[in-house]
Structure formats: C-alpha cells, structure tokens
C-alpha cells in the first residue's frame, strides 16, 4: 500500500458525520445544511440543453487534450476575464481541460513531485482545501503549513518560510479567493512568491475556482496569470491556474474545469493525465463550451450570492462578527466557544449543519488557525439561508 495513505486524515465531512452521530434533533425543524460547499442554485437551462443535444458523444472515446473548440473557448475566456494578451494564451499549448479542479489539483502533485530529491516539500495555506494535503502525502512529499489568520488578513506570509524549506520546496498551492476565508492574494504577495519560485525552482498551483463569486462587480479578483503578465512573466513560467464551472455556472456534477499556464508544465501534465485516464467526455465538453461562452448567467449568480450575504450578515451581526467576504460563498466567523461543541449543539438544537473550522486546518506553529471558527457555506436557496441564520442567531442568544 502507498504509505501516504496512512498519513491522510479523515475528510472533514467524515469527521462531521462522526461528530453528529447519535444526536437527537427536534423533528419539528427542517434539516438545513450549510456545511458542504455544493452550489444549489439551478443549473442554467442552456447548459442542460447543450448537454442533452450532444449526448450521442457517449459513443466516442474523448481525447485527453480535449477538442480545440473547448480549449479555444477557455483561452478566449481567460484572456477576456483576466486582461491577458490574446497572443499569450495558446489554446494548443497553454490550456488543458480537466474533470473538475479537484482531480486536477490532486494530479498536479503526482506530476510534479520528484521523490528522488531530498524529501520534497509542498507548501499550502492553513486552513486549506483538503485535496492539497492528500495530494502532497500521496506523491511522497511533506506538507508545510502556512497559517492564515486575521492578523495577516488570511493571506499566507511567505517571508516566514525558512530558506531550508524553500530549498526542498517543489510545489506551492495558492487558493485565491480562499476557502474558507474568501481572502484574495495581492500583487505584492504574488510578486514575492514568483521571485521565490524563480530562485528555488518550484511550481505555483493557484486554485481559483471561486474567482467568479465576488462582491463588487467592478472589482473582480485578480488571478495568478494576470499578475504574472503584469510582472513581466508573459510565458507564465512555473505558474498554473485551476478553474472550474462548478461554482461559476452551478454545475458541480458536470465535473468540468481547466488548467492553464506554463506550456511546458501543461505538456507534462497532459502526459500524466493520458495515463491517468482523465479525458473529459465529449458531451461534457460541448456543454462546457456553452457555459464558458456566456457571462449573463454568471452575473445573475453573483447577484443571488450578494443578496444572501447582505441578508444573512444583517441577521447574524448582533450575535457574530460577520461581513461579506471579498469573494467566495463562505462565512468564517470566530466563535465564543469550541467549534466542534458549537457545531454539535447547533445541530441538536436547530437541525442546522455547519463545519467546524478545526476540521479544515492542522496544528502548526503551536496552534490550529481553524479552532473556534466555523465555515458557513451560503449555497442553499435564499429562504433556507435566512431560516438557518435566524436559527443560528436564536441558538447563540439562548446559549451564551
């Protein structure tokens, strides 16, 4: 067996199931889950129509590289969304479709990590999307956690990493906008990280799957490739971005996304995925083209999230300090008590599920930055989110 499996933690939702096991809940209160970041807004009909009208594609073996029409649609979207020169994103060289960012974020570590060198290091934010850690461990690398706290505005402090760690580093995971914090990395942070990447020769993998859910319509989050181009790295050396339709277009079950950036890294990743068996079905590719080519439904999606954030924050602010994040669909409030106790008692009292923050992070530098926080995923329809917020408010008022 792969020895890395022994070091993989139980997934956060497995832990949550165990935490809530045996709890007696009020049968008069409907179940509301704000624990899992699964979009619940309706999938746009035109995407479903494109999927159904191309269903005969199931009779064809898809290629790992994907059809040129999809890669070109992705390249066009990237250039338009992130102000990139049209000549800098080649649909044949710089873009690769993937079956959702989850599998791609995992597989990139298996592609990049060289176990023949001194124990490789993978640097990741803490808290983090759990795939990063599992990918590092199963690639034979050692995770190195950078605590993201309120003091550093939930942005990794790369200046705190010692030189001996950088010398062993082969991969850095970014998550911007962040899960669960909603924080967006700034230009100076990226500039510092890119300089370190050039000096120590590691890859930057930027998970940007929440980039299309943001608060201010005229201030979309800036991505890694956009910063790289501004900083003179027009070939995106050592830079890869990961994007998905799941949150942007409310199609988490479609499993459709892409990786883009450094052409040489993309070619290596293509070779890995050819053996890995990660080809996207043809009908999925056709539906994805329709999704990437339309921005109207994405704007409407953002409007729904903004309305939810405004209403839920207004309800909760008398009992919890919350405000809409710059981007993403999470709240990450601090609690007056243990996060696990809070989640269990809230479920018992109000039949509302939230995720303990400590399940999303690890002990590092003497503490766990998720302790005494919860992640609230505002993914349900607005009426359910409002009902859940009112129950949380009542629970806090009755308990503290």
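We did not get these values from a lab; they are worked out from the coordinates using the rules stated. Values in this document were obtained by computation on a predicted structure and should not be read as measured data. Neighbour counts are summed over all protein chains in view; Cβ atoms, including those assigned to glycine, are modelled from backbone coordinates with ideal geometry.
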Task: Tilt relative to the chain, helix 263-276 - C-alpha long axis, 0 to 90 degrees, to 10 - done: 70 degrees
Task: For a label point 7 Å along the Cα-to-beta-carbon line of residue 231, residues of region 151-166 with backbone N under 13 Å - done: 158-159
Task: Debye equation applied to the C-alpha atoms of region 16-58, log10 I(q)/I(0) at 0.15, 0.18, 0.22, 0.28 Å⁻¹ - done: -0.66, -0.73, -0.87, -1.09
- [ ] Mind jotting down the three principal axis lengths of region 16-154 based on Cα atoms? Whole angstrom, largest first.
- [x] 54, 52, 35
TODO: Would you work out if region 100-161 is rounded, prolate or oblate? Take a ≥ b ≥ c from the square roots of the eigenvalues of the alpha-carbon gyration tensor; rounded if a/c is under 1.5, else prolate when a/b is larger than b/c, oblate otherwise.
DONE: oblate
- [ ] At 0.36 nm per residue, minus the direct Cα-Cα distance, what do residue 164 and residue 149 gain on full extension? Give it in nm, one decimal, please.
- [x] 3.0 nm
Task: Using a Förster distance of 45 Å, the FRET efficiency for residue 186-residue 56 (Cβ separation, nearest 0.05) - done: 0.45
Open item on the list: Using only Cα atoms and rounding to the nearest 10 degrees, what angle (0 to 90) does helix 339-350 make with the longest principal axis of the chain?
Closed with: 60 degrees
Task: At q = 0.13, 0.15, 0.19, 0.21 Å⁻¹, base-10 log of I(q)/I(0) for region 202-253 (Debye sum, equal scatterers on each alpha carbon) - done: -0.38, -0.49, -0.72, -0.83
TODO: Taking only the C-alpha atoms, wrap a convex hull around region 204-315 and report its volume per residue in Å³ as a whole number.
DONE: 133 Å³
- [ ] Obtain the nm distance between the two label points defined at residue 18 and residue 267 by a simple spin-label model: each point lies 7 Å from its Cα along the Cα-to-C-beta direction.
- [x] 4.6 nm
Task: Fraction of antiparallel bridges per DSSP, region 60-294 only, in percent to nearest 5 - done: 35 percent
Open item on the list: Need one number for region 279-349: average projected area of the convex hull over its C-alpha atoms, nm².
Closed with: 8.1 nm²
Open item on the list: Quick check: the angle from helix 282-292's long axis to the longest principal axis of the chain, C-alpha only, nearest 10 degrees?
Closed with: 70 degrees
Task: Estimated D of region 60-294 in µm² per second, where Rh is the Kirkwood radius over Cα pairs and Stokes-Einstein applies at 25 °C, 0.890 mPa s - done: 138 µm²/s
TODO: Mind telling me which of 358, 53, 288 comes out most flexible in a GNM of the chain, alpha-carbon contacts under 10 Å?
DONE: 53
TODO: May I ask you to give the average projected area over all directions of the convex hull of the Cα atoms of region 7-78, in nm² rounded to one decimal?
DONE: 10.3 nm²
Task: Kirkwood hydrodynamic radius of region 309-400, from inverse mean 1/r over distinct Cα pairs, in Å - done: 13.4 Å
Open item on the list: Based on the alpha carbons, how large is the Rg to Rh ratio for the chain when Rh follows Kirkwood?
Closed with: 0.96
- [ ] Run through the DSSP bridge list for the chain and note the antiparallel percent, rounded to the nearest 5.
- [x] 45 percent
